[in-house]
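Data first, discussion second: the structure below is written as structure tokens.
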Amino acid sequence: MNRDPRYDPLFQSLQIGPVETKNRFYQVPHCNGGGYRDPSAVAEMRKVKAQGGWGVVFTEQVELHHTSEITPYIELRIWDDDDIPMLSKMADSIHEYDALAGIELTYSGVNGPNLYTREVPMSASAMPVKTFFKDPVHARQMDKKDIRDLRRWHRNGCIRARDAGYDLICLYGAHGFGVIQHFLSTSTNQRTDEYGGSLENRARLMAELLSECKDAVGDTVAITVRLSLNEMVNGLGFSNSEVRDVIGMHAELPDLWDLAHGAWEDCSGPSRFKDEDAQHDLVQGIKELTTKPVVGVGRFTSPDLMVKQIQSGHLDLIGCARPSIAEPFLPNKIDEGRVEDIRECIGCNICITGDMTMSVSRCTQNPTFMEEWRRGWHPESFPAGKSGEIVLIVGAGPAGLEAARVAGERGYDVFLAEATGELGGRVNKERHLPGLSAWGRVADYRSYQLSQMPNVEVYKGSALDAEQVLEFGATHVAIATGATWRRDGVARHHILPMPISGDIGVYTPDDLMQGNIPQGRVVIYDDDHYYMGGVLAELLIDKGADVILVTPSAFVSEWTNNTLEQATIHQKLGNLGVKLILNRSVESVSDSGLTTACIYTGSQENIKADNIVLVTAQRPDDELWRSMSTQEDRWADHGVTSVKIIGDAVSPAPIAWATFAGHRYAREIGQPDIGDALPFRREVFQPH
């Protein structure tokens with residue numbers, strides 16, 4: 001152990017009811033896109049966290065009962081005893097490395113549309129269900145019998161969780177998603193009986209569930225509760241002052257208080273809008289209300305800030321979701337004095353998109369996330385490469401950097417050639433845009449790792465053509481030359497180039513990121529629908545332009561609904577004075593201005609503008625690859641056994657796709673051709 005002594009408080013043990021955690025690193029529940037569909041993948045992912053040193057490792061939310069489920073989203077379930085073996089496998093995996101296994105039990109109430117079970121939803125009060133899809137279904141108000149049933153279902157769920165081997169059971173009442181919060185909040189509880197009205201009455205269900213669940217599992221399992229620190233909507237909700245009052249009323253009831261920011265969008269807000277430790281003021285002083293441990297979150301990435309939380313008495317445990325995804329070995333690296341080797345979370349929220357799109361989650365910084373079982377990828381272990389072979393990687397963007405890092409870890413002699421004077425590619429450009437500075441960690445982490453590898457050489461200012469690549473003497477060549485934004489308007493709406501004529505200035509994101517900033521009245525045409533259109537609008541406003549954003553979508557930056565920031569983007573641009581024109585396309589550009597059309601009716605309108613910024617599709621920079629492909633008959637003569645194009649150079653996509661592509665390339669160097677076989681494992685139903 002080479003731990004810096006100032007981090008010692010992070011490694012002190014702590015009693016949580018009847019169980020003890022070995023340190024203060026607490027992986028709070030987080031989604032992953034796997035759930036009941038990919039339980040082995042989820043189990044291995046949690047196991048790697050435990051191996052990485054986390055003292056407590058939780059599941060995601062686990063559906064407690066079949067009368068409340070959130071299809072189409074894919075979470076774990078504990079509906080009956082048939083779910084126990086799957087959950088036991090997860091607990092056993094966590095225990096392999098001396099971590100405590102936690103499970104978060106959820107009754108979704110007004111958030112459960114029950115599209116799979118077809119049961120009538122139930123909640124504190126009768127109202128339309130609150131779902132991301134605004135399902136046209138109403139929840140009915142629970143009567144007294146329903147509440148008695150709900151209490152029994154919680155007890156049964158806790159007994160199953162105990163029998164499955166879990167050490168901590170969390171009752172979920174945060175982010176607006178759990179029935180406990182639905183009873184606590186005046187926005188979802190309009191009851192007039194003993195479960196409604198006063199705060200004491202609204203907290204009655206929480207108190208009953210905590211007491212009865214503790215009685216059900218005995219003195220071997222800790223019972224915790226997760227609450228939102230502030231949930232106010234139009235003057236209604238569950239305020240921070242009420243949170244404090246509830247904790248004061250029931251200070252010693254749970255074995256631990258788990259505190260989350262507010263709505264999920266608040267708690268897991270991206271780094272573009274939320275700083276590290278964003279909930280600090282909401283937590284301040286709560287520990288003084290109870291003797292029980294308190295855990296909080298805040299996208300903690302700095303060990304110094306973590307220590308400050310403990311030493312100041314602000315928190316007892318450092319809760320992490322996204323930072324534990326980006327760096328499963330964060331505790332061990334602090335313990336081993338390897339702080340500089342931590343893969344810091346960039347707060348891009350790509351991990352959340354896996355849950356939102358009902359797919360397997362990704363991580364921009366950690367391409368092995370959710371591939372630990374599926375592909376056998378471990379974040380810190382790599383198969384040895386073949387001795388004496390040389391890998392040449394052309395292009396030092398996110399794909400090229402990750403490919404070089406992993407190939408270097410495998411022991412290959414690696415040469416990384418970058419045409420410009422900087423490493424990072426698109427990351428180096430985008431990190432200077434409003435709110436995206438943390439994204440620079442993608443380049444910083446990998447650049448540092450490469451600098452520590454004696455078998456990796458980096459050449460900046462080295463643009464290579466096909467002849468130079470062939471003459472280099474490499475065994476394996478990866479082409480990671482990136483992509484550029486199109487200037488002709490081709491994307492989703494226009495599949496052919498847009499009619500463009502006249503003297504209006506036509507720009508792309510590349511122009512703006514290179515410092516070529518248009519002035520006057522500027523129209524941004526966003527047919528990309530991720531973050532770029534919004535951040536460029538912020539940039540132009542800051543530079544004094546008058547900005548209009550036109551998009552064929554009904555939302556500004558529509559895909560950011562999956563990263564929990566769409567509403568914040570719309571609000572910010574509106575407050576900055578950006579005129580937002582939705583559901584319209586730009587049909588043509590001419591001297592007379594821009595012609596827009598309604599995407600539904602085709603009705604046209606003209607907009608006067610000095611310049612237009614086309615945020616549309618990207619074109620792969622694949623000239624080198626095409627040139628190499630035409631000379632495949634010369635590869636063997638020059639000792640080249642493989643040439644592969646990766647990342648944006650073959651398929652422009654978010655940065656996480658690029659780091660994944662680079663990682664996969666380097667993992668698969670020298671591996672035999674698997675033909676038509678699946679490149680990953682999956683859960684397949686086996687009939688009895």
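Sort out for me the strands (runs of 3 or more DSSP E) sitting completely within the stretch 1-63 that have 1 or more residues that are surrounded by fewer than 23 Cβ atoms within 10 Å (Cβ to Cβ), of a type in the set (Ser, Thr, Tyr) and in the same structural domain as Tyr107 (by TED's automatic domain parsing). Explain how you work it out, then say what you get.
Working: elements: 14-16, 19-21, 25-27, 56-63.
Where strands (runs of 3 or more DSSP E) fall fully within the stretch 1-63, none carries at least 1 residues being surrounded by fewer than 23 Cβ atoms within 10 Å (Cβ to Cβ), of a type in the set (Ser, Thr, Tyr) and in the same structural domain as Tyr107 (by TED's automatic domain parsing).
Quick grid of which residues meet (1) surrounded by fewer than 20 Cβ atoms within 10 Å (Cβ to Cβ); (2) modelled with pLDDT under 95; (3) touching a Lys or Arg at 6+ places or on another chain (Cβ under 9 Å):
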{"position": "Ala251", "(1), (2), (3)": "yes, no, yes"}
{"position": "Gly269", "(1), (2), (3)": "no, yes, yes"}
{"position": "Phe273", "(1), (2), (3)": "yes, yes, yes"}
{"position": "Glu276", "(1), (2), (3)": "yes, yes, yes"}
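May I ask you to verify whether Gly593 is within 33 Å of the chain's Cα centre (by Cα) and modelled with pLDDT under 95?
Details: within 33 Å of the chain's Cα centre (by Cα): no; modelled with pLDDT under 95: yes.
Spelling it out, it is not the case that Gly593 is within 33 Å of the chain's Cα centre (by Cα) and modelled with pLDDT under 95.
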Picking from Arg140, Arg118, Arg155, Arg162, which residue would you name as being part of a strand (DSSP E or B) and out of contact with any Leu (no Cβ under 8 Å at 6 or more places or on another chain)?
Arg140
Output for the stretch 316-330, where each listed residue is within 24 Å of the chain's Cα centre (by Cα) and assigned to a loop (DSSP other than H, G, I, E, B)
Ala321, Glu327, Pro328, Phe329
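Is it the case that Ser198 is within 21 Å of Glu231 (Cα to Cα), touching a residue at least 12 places away in the same chain (Cβ under 8 Å) and small (Gly, Ala, Ser)? Step through it out loud before you land on a result.
Details: within 21 Å of Glu231 (Cα to Cα): yes; touching a residue at least 12 places away in the same chain (Cβ under 8 Å): no; small (Gly, Ala, Ser): yes.
Criteria not met by Ser198.
Residues checked against (1) basic (Lys, Arg); (2) more than 29 Å from the chain's Cα centre (by Cα); (3) modelled with pLDDT of 95 or more:
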site	(1), (2), (3)
Gly435	no, no, yes
Ala443	no, no, yes
His476	no, yes, yes
Arg492	yes, no, yes
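Checking the structure you have, find out if any residue of the stretch 388-407 is part of a loop (DSSP other than H, G, I, E, B), surrounded by fewer than 24 Cβ atoms within 10 Å (Cβ to Cβ) and either modelled with pLDDT under 95 or among the aliphatic types (A, V, I, L, M) (or both).
Here is the first cut: in the stretch 388-407, the ones part of a loop (DSSP other than H, G, I, E, B) are 388-389, 395-397.
From what's left, surrounded by fewer than 24 Cβ atoms within 10 Å (Cβ to Cβ): 388-389.
Still in the list and also either modelled with pLDDT under 95 or among the aliphatic types (A, V, I, L, M) (or both): 388.
Yes, that holds for at least one residue.
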Looking at the stretch 633-688, which of the residues that are among the hydroxyl-bearing types (Ser, Thr, Tyr) and assigned to a loop (DSSP other than H, G, I, E, B) is farthest from Ser40 (Cα to Cα)?
Thr641
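Determine which member of the set Glu276, Glu344, Glu340, Glu265 is in a helix (DSSP H, G or I), in contact with a helix residue (DSSP H, G or I) (Cβ under 9 Å, 6 or more places away or on another chain) and closer than 18 Å to Gly440 by Cβ. Give the steps one after another, and end with the answer.
Values: Glu276 fails: in a helix (DSSP H, G or I); Glu344 fails: in a helix (DSSP H, G or I); Glu265 fails: closer than 18 Å to Gly440 by Cβ.
Of the residues listed, the single one that is in a helix (DSSP H, G or I), in contact with a helix residue (DSSP H, G or I) (Cβ under 9 Å, 6 or more places away or on another chain) and closer than 18 Å to Gly440 by Cβ is Glu340.
May I ask you to say which residue of Gly515, Gly502 is modelled with pLDDT under 95, surrounded by fewer than 19 Cβ atoms within 10 Å (Cβ to Cβ) and not in a helix (DSSP H, G or I)?
After applying the criteria, what remains is Gly502.
With the condition kept exactly as written, say whether any residue in the stretch 431-448 is in a strand (DSSP E or B) and β-branched (Val, Ile, Thr).
Taking the stretch 431-448 as the starting set, the residues that turn out to be in a strand (DSSP E or B) are none.
Within the stretch 431-448, not a single residue is in a strand (DSSP E or B) and β-branched (Val, Ile, Thr).
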Picked from the stretch 201-228 (must be part of a loop (DSSP other than H, G, I, E, B) and in contact (Cβ under 8 Å) with a residue 60 or more places away in the chain), the residue surrounded by the most Cβ atoms within 10 Å (Cβ to Cβ) is Val221
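The values are calculated or read from the model by the stated rules, or taken from the named source; none is laboratory data. Keep in mind that this is a model prediction, so the values were computed, not measured. In this analysis, Cβ positions are derived from the backbone assuming ideal geometry, glycine residues included, and neighbour counts consider all displayed protein chains.
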